[in-house]
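Okay, structure first, notes after.
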2 protein chains.
Amino acid sequence: MTIKDVAREAGVSVATVSRVWNEAAFVSTATRQRVAAVAARLGYSPHGAARSLITRTTHALGVLLPDLYGEFFSEIIRGIDHTAQAAGYHILVSSSHDSKDEIDAALRSMRGRVDGLIIMSPDLEARRTLQTLQGSFPVVLLNGGAEAKSFDTITIENHEGAREMTRHLIARGHRRIAMVCGPQRNYDAAERLRGYHTALTESGIEHEASLVVRGDFSELSGYGAVSQLLELEPRPTAIFAANDSMAIGALSALREAGLRVPDDVAVAGFDDIPLARYMNPPLSTVHVDISQLGERAAALLLTSLRQGNRPHQQLQLSTTLVIRASCGGLVS
Amino acid sequence: MTIKDVAREAGVSVATVSRVWNEAAFVSTATRQRVAAVAARLGYSPHGAARSLITRTTHALGVLLPDLYGEFFSEIIRGIDHTAQAAGYHILVSSSHDSKDEIDAALRSMRGRVDGLIIMSPDLEARRTLQTLQGSFPVVLLNGGAEAKSFDTITIENHEGAREMTRHLIARGHRRIAMVCGPQRNYDAAERLRGYHTALTESGIEHEASLVVRGDFSELSGYGAVSQLLELEPRPTAIFAANDSMAIGALSALREAGLRVPDDVAVAGFDDIPLARYMNPPLSTVHVDISQLGERAAALLLTSLRQGNRPHQQLQLSTTLVIRASCGGLVS
DNA sequence: TCGATTACTGAAATCGTTTACAGCGCACTC
DNA sequence: GAGTGCGCTGTAAACGATTTCAGTAATCGA
C-alpha cells in the first residue's frame, strides 16, 4: 500500500497524491477529493522511513535514561511524552545507559531515527562521552553537571533543596542527622550530599562520617542503610534520604525495628514522588515537579529544533520544602 | 556524514562500505580495515531511516498505552524495554490513547517506523478499531478481551485473582466487603469486579450495590471512594480496591478518618506494585508480575516478527495472593 | 598455456516519499 | 490572434542505505 498504488487507483501521479496528503500547493478540488477518497478506501498512510529520509526529519525525540525503575522516571517520561505528543512527536525510549559504551551504542543506533535527544546520564564519567556530540545534534541534558555549558540543560536545585531540608531538621532540634546518599558517581546524589554538608557547616554541627551511608536510590537500599544506621550508638534522631524511594525503604525498616516516626526518628526524602503524601506517616520531602522536568526538557528540545542555532540555555528547576508528618510537622 | 563520504575517503565504492559495516560477504582484510578506520575517524553511523527503507525493518517496537501515570505503566515499559533492548530493538512509546480516533491516529503515524506493536487499550470500545489491523501487522494486545482471538494476547487472571482475594477476606470473617472498582468501560476493572461478585455469590453473601463504588485507578479516586464508603451505616469492614494505587488512597483516607487498618477496616489491593510492601501497614494485594507482563509481551511480539505467520497465542499471566498486614495477616 | 574457479569489488536498481522544474491548457489582454 | 499569466499536473531527481549482478584479477589444475 504505497503512494504509487493510490496514484494508480486515482489516475493521477504520485506527486499529486503527495500534494493532497500534505495539503500543499494547488490541487483542484475535484482531484483532491478523488485522491482523498481513494486513500481512505485503501487505508493508505505514508511510510515513515521514506518520508523522513527525504524530509530529513523524523518527528521523534530520543530519550536516554539510566533506568526505568520507579516513579521518578515514569513521571519524567510522562512529562516528555505529554509535550512531545502535543507537538506531534513520538518518543523513542532507551534505558539502562550508565557506561560510556552503552551511551555510545545508543547514540549511534538512534541516528536518523530521531530529531533530537534528551539525555539523563547522572553518571559523571559518562558525561565526557557526550562532549563528542557537541553541537552536531540537538541535545538536552537532564541534570547535567556544571561542565555542560555547551548544551541545553535542565537541572534540579539539588544543593539548595537538600540544604533547606537539612536546615529544617536542625531547626526542629535535631543534631544527629543521618544522610542516606545516592550512588557514588551520581551528580544529583553528590549535590544533595553537598547541600546536607553545607547546612551542617552553617549551623556549626560537626560532620560525622558514620552518619552518611551510601544507597543506590532504591527502596531496598534505603531499608538496608537504615538497618546499618540503627547500629550506631547513640543512634541518629533524623534520617534524610537523598530520594523518596530510599526514604520509603527507611520508613519500612524503622517500623520493623519498632521505632515510631517521627517521635523516635524523623525521616525526610527528596523528589516528592506522587506516593510520598500517601505514606504513613506522610513523607516530608523536597518537592520537585518531576513531570514538569520532563515537559520542560521536551519543550526546550522542540524550540531548539525549530530555531536551529541559538545560545544554549541552562534552566534550573526550583525545589520547595514539603513538610508532612514524617519529620514532625512545621517548626513554629 | 553519509556512506558516500566514507566510500570516497577510503577509496572504495559504497557497496564495499556497506559490506564492511554489515560484516557480510567477502571483503579482503586490507580494505576491511581501511574502511573501518575511515568510518571510525569520521564517526560514521548509518542513517536509520535510509536503512529501514530498503531493509523493510526498523528494529523498533511501538507501544501504545492509555496512560503513563503510576508504577503500573512504568513497570510495563520497563519490562518491554528490557527484552526489546536485549534483542537490539528500540521502543517507540505513545500514551493517552483511549478513544478510537486517537488510536487510529497513533497507528497511522507509526507505519514504517516500527516493526510491530504492543497495544494496551483496556477501553472496551476502542477495541473494535483494532479489528481493522487484523493480520496486516504484528500486534500483541495487552489485557485483550475475549473478542481478541485474532491477535496474540496476554491477559492477567483478573477474575481468578479478585475472586481469591475476596474469598480470603470472607474467610477472615468479613461479610460487608466493599469494592472500589475501576473505570466504567475498562476490561480489567470489569473482570476484577466480576471476580468479586463470583466470590460473594459462592459464599452466599448478598450483593449490596452501595458497597461498590467507582474509581479511576488513581490514588485520589481511591481516597474519594473511601470517604464515600465511610458514610455507610453500618460501614464495611473490608475494602477491596481494584488496583494498588486506589488501595493506597484508601489507606490514606482511613488514616485521616482515624480508623485503624486492619483492626477497624481491612484493605486489599491488586497488582502488587513495588511500593505495596512498603506501605504502612504493608498492603495485602493480588500479585501480578507487571514487568514480566511487559517482557512477555515483547518476547511474544519478537517471535512473531521472526516467525511470520503462525497461530495466534493467548497467554495468561497468573496471579498470586500476597497477604500482608493490611488485611489482618494470614487466616489460620 | 589456457580455461575454470575463486575472491573480491563496483555499477546500478531499489525502497517510498518529497519537490524543483517543466509542460499544458485556458482565459485574458492588447 | 499572438503573447502572457495562471492554475493545475506530471516527470524525474533526490534522500542514504542494501543487494543483485556482472566484471576483474589472481590462482589453480590439467
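The values are calculated or read from the model by the stated rules, or taken from the named source; none is laboratory data. The model shown is predicted, which means the values in this text are computed figures rather than measured ones. We place every Cβ from the backbone using ideal geometry, glycine too, and count neighbours over all the protein chains shown.
Details
- Residue satisfying all of: in the range B:229-252; surrounded by fewer than 24 Cβ atoms within 10 Å (Cβ to Cβ) and in a helix (DSSP H, G or I); farthest from the other protein chains (Cβ to nearest Cβ) among these: B:Leu229
- Residue list for the range A:277-292, filter: buried (at least 23 other Cβ atoms within 10 Å of the Cβ) and of a type outside the set (Val, Ile, Thr): A:Tyr278, A:Met279, A:Leu283, A:Ser284
- Taken together, the criteria place A:Ala15 among residues that are modelled with pLDDT of 90 or more, over 27 Å from B:Leu61 (Cα atoms) and either among the charged types (D, E, K, R) or over 38 Å from the mean Cα position of the chain (by Cα) (or both).
- Among the residues of the range B:73-82, those identified as of a type outside the set (Gly, Ala, Ser), buried (at least 21 other Cβ atoms within 10 Å of the Cβ) and more than 7 Å from chain A (Cβ to nearest Cβ) are B:Glu75, B:Ile76, B:Ile80.
- Filtering A:Gly112, A:Gly173, A:Gly135 for residues that are within 14 Å of chain B (Cβ to nearest Cβ), more than 17 Å from the chain's Cα centre (by Cα), at pLDDT 80 or above and not in a strand (DSSP E or B) leaves a single hit, A:Gly112.
- Residue count for the range B:1-59 under the criterion of being more than 9 Å from DNA strand C (Cβ to nearest atom), assigned to a loop (DSSP other than H, G, I, E, B), surrounded by fewer than 17 Cβ atoms within 10 Å (Cβ to Cβ) and within 14 Å of chain A (Cβ to nearest Cβ): the result is 4.
- For the range A:173-202, a residue qualifies if it is of a type in the set (Ser, Thr, Tyr), surrounded by 13 or more Cβ atoms within 10 Å (Cβ to Cβ) and either touching a Pro at 6+ places or on another chain (Cβ under 6 Å) or more than 30 Å from A:Pro66 (Cα to Cα) (or both), and exactly one does: A:Tyr187.
- Qualifying residues in the range A:203-228 (those that are β-branched (Val, Ile, Thr) and more than 14 Å from chain B (Cβ to nearest Cβ)) - the one surrounded by the most Cβ atoms within 10 Å (Cβ to Cβ): A:Val213
- Taking the range B:1-52 as the range and being among the basic types (Lys, Arg) and within 11 Å of DNA strand D (Cβ to nearest atom) as the test, the residues that pass are B:Lys4, B:Arg19, B:Arg51.
- For the range B:86-108, the set of residues classified as more than 7 Å from every other protein chain (Cβ to nearest Cβ) and either more than 16 Å from B:Leu142 (Cβ to Cβ) or at pLDDT 85 or above (or both) consists of B:Ala86, B:Ala87, B:Gly88, B:Tyr89, B:Ser99, B:Lys100, B:Asp101, B:Glu102, B:Asp104, B:Ala105, listed by residue number.
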